[in-house]
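Below is one structure, written out as structure tokens; the observations come after it.
The values are calculated or read from the model by the stated rules, or taken from the named source; none is laboratory data. For clarity, every value in this text was computed on a predicted model and none was experimentally measured. The area values use the complete protein model at the heavy-atom level, side chains included, leaving out ligands, DNA and RNA. Shrake-Rupley method; radii C 1.70, N 1.55, O 1.52, S 1.80 Å.
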Amino acid sequence: MSRSILIGIAGGLVIAGIAAIVVLPGVVRDKPVAVGQESTLEVLVPGDISAALPTLDPGTSKAAVDDAKNCKVPLAWVTLTQRNGHGGMVRVRSGQYLSPPIKLTVAPQRVAIPYPAPYPTGRGVLTLVGEADQVGFYLTPGGIHDVNGTYPVNVHWQVRNPCP
């Protein structure tokens, strides 16, 4: 083998080693691996809980709604739209909670959800589940995504008293 080939192989191994050192700690941690910039998840103010009830799954959200009404742990919310009226349905997975199917429209829809991780942690992952193109998933920042199966979004929130 020529000297230049050996130098190239050694350089590739060094780069692969550095990449492994950078990537593996993110895989080993309990925290999800970043898929991009973290978005901010906002709290649903107590006065809006009653109006948000139709967007929640009544069978699996009762404890979260009760906690929010009793100022223990607030609910959060996201806004969903669909560009160009392509049609489609998605659900929002937030921790163990899975929203009812949401028929997407060009008009923004505000959807209430429980936080995806224990509230005091301040971080979690929301996942859009379904089949739809050009889904507007608005947090801060939000974006337009094609959802073909699942689309995860890392989120964080400010931990504060749920009922100021």
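Mind ranking Val125, Val65, Val106 by accessible surface for me, highest first, 1.4 Å probe?
Val106, Val125, Val65
With θ set to phi - 60°, apply the Karplus curve 6.51 cos²θ - 1.76 cosθ + 1.60 along segment 37-47 and write out the HN-Hα couplings as whole Hz, x wherever there is a Gly or Pro.
5, 6, 9, 8, 9, 9, 7, 7, 5, x, x
Considering only protein heavy atoms, what per residue accessible area in square angstrom results for segment 77-136 with a 1.4 angstrom probe?
45
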